[in-house]
Amino acid sequence: MGVHSAPAEALSKPRAVVTILKSMVGAGILALPFAVSKVGLALALPGMVLVAVLNAVGIWRLVECKIHLKNASVEDPSIDLSNDYGLGPAGGVSAAIFGAPGAFAAGAAVLSAQVGMSICYVDIMTSTLEKRLDGIASGLLIRCVLCAMLCVLSLIRQLKDLAFLSGFALAVYAYVVFALIKWGSDNLGHDDVSAGTFLPVKWDGVGMFFGSSVFAFEGINVAQYVYDDMRIPDPLPFKKVLAQSYGICFVLYTFVGGFGYYAYGDGTREVVYMNFPSDSLDVVATEYVLCLVLLLTWVLQMYPVFGFVDSLGCWGKSGDATDSESEDASKVSSEESEDALMPASFIESWRVPVSRWCVCILSIVAAASVPDVAKVMDYIGSFSFGVIGFVLPALLHMRLCGSSMSASNWAIDVSLLVSGLMAIVLGLKSAMGG
């Protein structure tokens, strides 16, 4: 059984919308004005429409595949979706259709995407706090405190509980948008400021823009868990949740990316709040608020990673063992360790917390080793999200439903596949400095 098979309260539609929104509204939105500056408004605005639509369609394709397999399993018991390795629909569907290679591809894409986002979040938090607390706390102390806080948040086990944090974080994030409007408008009032322009289109920056835009719509993986946790017999409510979430997010992204670039032009920094005057009280408050939001969002983005780690089990116990197998193993373990200093039950009770804390520590260490936020967003958006958001859903849907698909469905799948391959190629070009 996967880690999500335990009975739990279903996720309501409002909480589902909030959870998907908060899984997207994070570090990526802060880099959108910089990404827009690389191509200009004429290409960036329709480009964000395309990315939003493709992301939503990719999620829906995965959900369609899961529904198809679930219905088919009624007549064919050999179809098993339960062993998703904690990766949600992407893992379960990929394993059921392509076997071990499919599960590996899905796992690599999902885990690299979420870990990459966690690195960006930690980098932004630590760099911001190091600047504000210079002379008060060392960088090492700041990272240790962040690590402790992440370890505490990592103990939240259910998505419905994270929805409360998501709602709070979204409300707080409005302050960041307010600061952008305030200081961006003030910047436009100066005669010597070169504002962003619609034309010309800067084709050399397409790779950077596409990767960062895909990264910004970073709810691809979490949205799949939302569908599972809604536990609905009819997928239509989830389809509405998906449309509402991506519609709201698109409007917000278009405003932040477009206005941010228009206000600061070619001088737009990698993270837009760096353009705000550093001595303003509003900016200081914005930066602390941002750290709080990213802290709360970090655990949401790591939900797939924690699910994978939980499903693996530690110290020789499989996360997919049946209840009877677990009971037998427990009996044997108890008999063999009557004189042990640490009972098996004690070890098992700490298995999940310790494994999650190890992930938190590794995330902090990795972030310290990879400080370039813009490049991480670009690469993760191009490679990881290109695979999990575009390529994999298209291949899974074509393999499963190809013989009965209409021409329009074929066109949608081919568009997803081409977009994913284009993202990977542009990512390679960017990585090679082309």
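Tabulated values for the structure
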{"read-out": "Residue order, fewest to most beta carbons within 10 Å, for 15, 61, 399", "value": "399, 15, 61"}
{"read-out": "Interatomic Cα distance distribution for segment 1-146, bins of 5 angstrom, percent", "value": "2, 8, 10, 14, 16, 14, 12, 10, 7, 4, 2, 1, 0, 0"}
{"read-out": "Hydrodynamic radius by Kirkwood, which averages 1/r over all alpha carbon pairs of segment 235-311, in angstrom", "value": "15.6"}
{"read-out": "Total formal charge among the other residues, if their Cβ is under 14 angstrom from that of residue 405, Lys/Arg +1 and Asp/Glu -1", "value": "0"}
{"read-out": "Sorted by Cβ neighbour density within 10 Å, fewest at the top, the residues 206, 25", "value": "206, 25"}
{"read-out": "For 231, 351, order by how many other beta-carbon atoms lie within 10 Å, fewest first", "value": "231, 351"}
{"read-out": "Added length on full extension, which subtracts the Cα-Cα distance from 0.36 nm per residue, residue 411 to residue 425", "value": "3.0 nm"}
{"read-out": "Stretch gain in nm, segment residue 12-residue 147, where the contour uses 0.36 nm per residue and the Cα spacing is subtracted", "value": "45.5 nm"}
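Throughout, read-outs are computed from the coordinates displayed, never taken from laboratory work. Not measured: the values here are computed from a predicted model. No Cβ is skipped: glycine too gets one built from the backbone with ideal geometry, and neighbour counts run over all protein chains shown.
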